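*Asks:* Below is one structure. I have some questions about it.
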Amino acid sequence: MIITNTDFVTGKEIKETFGLVRGNTIQAKGIGKDIKAGFRNIAGGEIKEYTEMLAEAREIALKRMEEKAQNLDADAVINVRFMTSSIMGGAAEILAYGTAVKLK
């Protein structure tokens, strides 16, 4: 499966467009990590606990989007984008979305 943020796949022609596919997840850190993150917020610097949480969430959302494209028999997902929204303190939703296509 080819995943790209461009509206084309280099050297390939799009034969069929299946439409929008998406995958999402909502992730939260446990209380211990939230306390550590709170101290980092006061002291300044990168809040590594949340950086790790969001990186993991992006991978989960991307995988779910890819699975939906595979169910459509797509060869690629083009125009891939990510969106993040805060759900509550310490929890965030990550949405991955793009256009599933069949290549020639």
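The values are calculated or read from the model by the stated rules, or taken from the named source; none is laboratory data. No experiment lies behind these values; they were computed from the predicted model shown. When we count neighbours, we look across all protein chains shown, and the Cβ atoms used for this are built from the backbone with ideal geometry, even at glycine.
*Asks:* Does any residue of the range 29-42 turn out to be at pLDDT below 95 and not in a helix (DSSP H, G or I)?
*Replies:* Taking every residue of the range 29-42 in turn, at least one turns out to be at pLDDT below 95 and not in a helix (DSSP H, G or I).
*Asks:* Which of the residues that make up the range 53-104 are free of Cβ contacts under 8 Å to residues at least 12 places away in the same chain and closer than 17 Å to GLU16 by Cα?
*Replies:* Answer for the range 53-104, where residues must be free of Cβ contacts under 8 Å to residues at least 12 places away in the same chain and closer than 17 Å to GLU16 by Cα: just ASN71.
*Asks:* Moving on to the next point. Can you name the residue in the range 69-101 that is at negative phi, surrounded by 18 or more Cβ atoms within 10 Å (Cβ to Cβ) and not in a strand (DSSP E or B) and is also nearest to the chain's Cα centre (by Cα) among such residues?
*Replies:* It comes out as ALA69.
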